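Worksheet: one structure, shown below.
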Amino acid sequence: MRATTLIATLALSGGLIGAGAAIVPAFAQNAPATTPAATITPAAATTAAATTAQSNWMSLKDVQTKLEAAGYTDFREIERDKDKYEVKATDPQGQRVELDVDPVTGEVLKTEVKRRK
């Protein structure tokens, strides 16, 4: 009798543990992705802020389109920097330039002539 009770108890316990293992991941997937503010490190906060800030950046194609409308051609490189786009192109006067471009508005912040005509 004791052996039967022990086997039944083990089988029931195993079934409960197995069911719990199947259910817990489902709850974890539906849980809100929040982290208490006390556990966010400064580096994580900076990265999160940068990611949020970059979410409203213009796409590389949109930056190129805006610069083409302003007369820039022959794009050699468009790179994302931490707070701007860096673009290598030819300006409307035919000079090779390196531009710093505002990532949200697409406005040219700085122009450096690399090679004159």
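Add +1 for every Lys or Arg and -1 for every Asp or Glu among the other residues with Cβ under 9 Å from the Cβ of Glu79, and state the total. Net charge around Glu79: -1. Placing pseudo-labels 7 Å out from each Cα toward the beta carbon at Asp102 and Glu77 gives an inter-label distance of 2.5 nm.
Read-outs throughout are calculated quantities, based only on the coordinates presented, and are distinct from any laboratory measurement. Since the structure is predicted, the reported quantities are computational estimates derived from the model, not experimental observations. Because the Cβ atoms are built from the backbone with ideal geometry, glycine has one as well, and the counts that use them run over all protein chains shown.
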